Amino acid sequence: MIVWSAVPAVSSCLIPAVLDRLVPVAVDRIADLREFVAGVPDPRRRRGVRHSLASILLLAASAVAAGARSFTAIGEWAADAPQQVLALLGVRHDPRRGERRAPDEATMRRALQRVDGDAVDAAITTWTQARRGRTTDEPAVIAMDGKTVRGTRGPDGSGGVHLLAAMAHTDAVVLAQVLVDTKVNETKRSAALLDQLDLTGAIVTADAMHTIRATVTDLLGRGADYVLPVKENQHLLYAQLDALAWHEVSTYTTVDTGHGRRERRTIQVLPIPENVTFPGAAQAFLVERYVTHTHGKRTAMAVLGVTSLTPDQAGPAQ
């Protein structure tokens, strides 16, 4: 018997959020997941189990890829799926009815609420990387960022499913992600995220939260380079970068127009001086952004940062 009160409140949103990485993916591609999700531990007792966990996960994945964002919507999609799709996803054949019968919404909900979300994520990560491969000699550029999944907060704004993800810059594919407990800072979960990836030769970007010695030391140890912003809460490092002779450095400028605005960026790069001892830092950069909106409003902002990339690897344009 399942004790519903023992199921964490976040579980009702975790699996749809995990599977949201698959949007948009065709059903036949999701069927390729079967060998990868086959190893996900089944939390159910063997007695009375009619539907394999793999078929439930594939049904849920297909439903989410088709737009489902709740267990109810997943169940409705599965109930309406045609026979050829059910066969593709490995749904059991009912000999009495002479057709394949998808599990009902309650069965799927119970299984999905109890399954290990990190194990499902790991299976999807393995599948994603096997499917992508490396299609270029250029280094992989990966963004590490956290988000609270929309619609998962309580009525009072508390709680919510928070995920830390690694996404490829080139094609916006989420390569890996981990659940972040609401009581834990994202930086405490970065190692678990990066453990899922081969970062040899990769370049990792992140927000200023991750511009700390522990994270960059971890990245360097994995054979990766980094490009990270520095904010004023890093008092010493920020002051050292801010004091550099930016007025003596030439600028690289880009201009973009669209979405009702014109955006001009200037980028300057300087070698890291000897008095800056941040791990692996080779260059400092200053990015200034000026935005002019069609209705006349103007904004400006400046961002300082550090990178382990050397001048030979990346100048202002890169």
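The values are calculated or read from the model by the stated rules, or taken from the named source; none is laboratory data. Everything numeric in this text was worked out from a predicted model, so none of it was measured. Here Cβ is always computed from backbone atoms with ideal geometry, including for glycine, and neighbour counts include all displayed protein chains. Just so you know, the surface numbers come from the protein's heavy atoms only, side chains and all, with ligands and any DNA or RNA stripped out. Shrake-Rupley method; radii C 1.70, N 1.55, O 1.52, S 1.80 Å.
May I ask for the net charge around Pro41, where only other residues with Cβ less than 12 Å from the Cβ of Pro41 are counted and Lys, Arg are +1 while Asp, Glu are -1?
Values: positive: Arg44, Arg114; negative: Asp42, Asp116, Asp118.
The answer is -1.
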For Asp42, the accessible surface traced by a 1.4 Å probe with all protein chains present amounts, in square angstrom to the nearest 10, to 70 Å²
Among Trp77, Trp127, Trp246, the residue with the largest mean-square fluctuation in a Gaussian network model of the chain built from Cα contacts under 10 Å is Trp246
Evaluated at 20 °C and 1.002 mPa s, the Stokes-Einstein D of segment 21-117 based on the Kirkwood radius over Cα pairs, in µm²/s, stands at 160 µm²/s
Within the chain, pairs of Lys residues whose Cα atoms are less than 24 angstrom apart, provided they are eight or more positions apart or on distinct chains, add up to 5
Taking GluC sites (Glu not before Pro) in a DSSP loop with at most 13 other Cβ atoms within 10 angstrom as exposed, one finds the longest site-free stretch of the chain at 1-231
The summed charge of the Gln318 Cβ neighbourhood (under 12 Å; Lys/Arg +1, Asp/Glu -1) stands at -3
Among Thr205, Thr251, Thr292, the residue with the largest mean-square fluctuation in a Gaussian network model of the chain built from Cα contacts under 10 Å is Thr292
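Please give the calculated 222 nm ellipticity per residue for the chain, where each DSSP H segment of at least 4 residues contributes -39500 (n - 2.57) and the sum is spread over every residue; nearest 500 deg cm²/dmol? It would help to have the intermediate numbers written out before the result.
On the way: 11 runs with 95 residues, N = 318.
Helix-only estimate at 222 nm: -8500 deg cm²/dmol.
So with the 1.4 Å probe, I'd like the accessible area per residue for the chain, rounded to whole Å².
Numbers: 17510 Å² over 318 residues.
So the chain comes to 55 Å² accessible per residue, rounded to a whole number.
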Out of Val184, Val115, Val149, a Gaussian network model of the chain with alpha-carbon springs under 10 Å gives the largest mean-square fluctuation to Val184
extent check for segment 251-318: Cα max minus min per principal axis, descending, whole Å, gives 46, 20, 16
Excluding ligands, DNA and RNA, the carbon-plus-sulfur percentage of the accessible area of the chain with a 1.4 Å probe reads 50 percent
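What is the sum of charges around Leu236, taking Lys and Arg as +1, Asp and Glu as -1, for the other residues whose C-beta is under 15 Å from the C-beta of Leu236? Don't jump to the answer; show the numbers that get you there.
Details: positive: Arg213, Lys231; negative: Glu232, Asp242, Glu274.
Counting the neighbours of Leu236, the net charge comes to -1.
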If unit charges are put on Cβ atoms (+1 for Lys and Arg, -1 for Asp and Glu) and the dipole of segment 193-318 is taken about its Cα centre, the option from Thr277, Leu199, Gly296 lying farthest towards the positive end turns out to be Gly296
